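One structure below.
Readers should treat all values here as calculations from the given coordinates under stated rules, not as data from a laboratory. Every value quoted in this text rests on a predicted model; they were computed, and no experiment measured them. Using ideal geometry, Cβ is built from the backbone for each residue, glycine included, and neighbour counts are taken over all protein chains shown.
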Amino acid sequence: MESNRHCEEFYKGEMAERYMLHRPAYPSTVVETIIEYLEEKMPKPHSIAVDAACGTGQGTRMLSTYFDKVLGYDINPDMIAIAQRNEALQNIKYSVSAAESMPVEDGIVDVITVAKAVHMLDLKTFFKEVDRILKPGGVIAVYTYCAPQKPIRMLPSKKADEIYFEFLSEKLYTNLPSAYKTFEVIKDLGEHLVMPYKEVKRPDDIISEREYSISGFMDLIRAFATTKEYLRKYPDEGPKVLKIVKDGIMDAMRITEDDKFNFRLPIAIKMARKPIMQDQ
């Protein structure tokens, strides 16, 4: 599948390591929100959770407290290797597999999660797979960094925010149709992401925050698959544009290479429940 090949291509070797090091962590409230929704109709104990397109296991680990077994699948062997290398929890197992075809028995899973990589999936095929392995009453939960529902300051100055968003809109989304398609799917997990079941819940955004130096922040930007594609498509212009972004943000916030600052990201969650027999 083209989307999966895209994931394999952009997150190999150094890119996979950079992705793990610099991506902001999802706060625990993300999984707490999912578990609260699950337990409205499926009380404890919970046996199996699946984290599809799990990457380096950042979201997978958050599930381990709530389930007897957690299965993390990603099509990218480099991502899975990093996840396995850094995993100490005994109830988590990582395997290489496409999210659209996971080696899981029918109807045994309580929760399936997928994070930002949702935009790389063949959603029609993926949701068929979700329906195959999910228990009646089980939950599919999609969560991702998103465009804010309410105005928030993502960087410490308004001007720095403007420079960051101008790079996203004028360079990535304008020059790369695939990047704009990605943005349409994940910008708010709204109408462009149609869930497979009628019972759907979209709670308020959760805010994630992480401290960066300017070099770490630029490494985060370079870890975006869309930035990697932009640099490949514009090998001469791309590095110059990133330097302009870096210098502009430093000037706007009046910081040096050694200074630290907080970057805030809203996280959208959209959940749907597979019907229980009596609900149909």
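Some notes on this structure:
- Gyration tensor (alpha-carbon) shape descriptor, the stretch 202-279, a/c threshold 1.5: oblate
- Cα gyration tensor, the chain - rounded (a/c under 1.5), prolate or oblate: prolate
- With 0.36 nm allotted per residue and the present C-alpha distance subtracted, the D259-K93 stretch has 55.9 nm of extension available.
- Candidate lysines for bridging to K240, where Cα separation is under 23 Å - those fewer than 8 sequence places away on the same chain excluded: K158, K159, K171, K228
- Nearest-ten-degree value, helix 123-133 long axis tilted from longest Cα axis of the chain: 40 degrees
- Acute angle (nearest 10 degrees) that the helix 177-186 long axis makes with the longest principal axis of the chain, alpha-carbon atoms: 50 degrees
- Per-peptide average of other Cβ atoms within 10 Å, ordering 133-141, 208-216 highest first: 133-141, 208-216
- Label-to-label distance, nm, for residues given as K233 and I276 (7 Å Cα→Cβ offset): 4.8 nm
- Computed from Cα atoms, the angle from the helix 29-38 axis to the main principal axis of the chain rounds to 20 degrees.
- Beta bridge orientation in the chain: antiparallel %, DSSP, nearest 5: 50 percent
- The stretch 42-63 and the stretch 112-138 have Cα centres separated by 13 Å.
- Across K201/K274; K41/K116; K124/K274, pairs whose alpha-carbon gap is larger than 18 Å: K41/K116
- Only helices enter the 222 nm calculation for the chain: every DSSP H run of n ≥ 4 contributes -39,500 (n - 2.57), and dividing by all residues gives -11500 deg cm²/dmol, rounded to 500.
- Gyration tensor (alpha-carbon) shape descriptor, the stretch 87-175, a/c threshold 1.5: prolate
- Take every pair of alpha-carbon atoms less than 8 Å apart whose residues are at least six positions apart; their mean separation over the length of the chain yields a relative contact order of 23 percent.
- Full extension of the chain segment joining D219 with V200 gains 3.3 nm, where the gain is 0.36 nm per residue of separation less the Cα-Cα distance.
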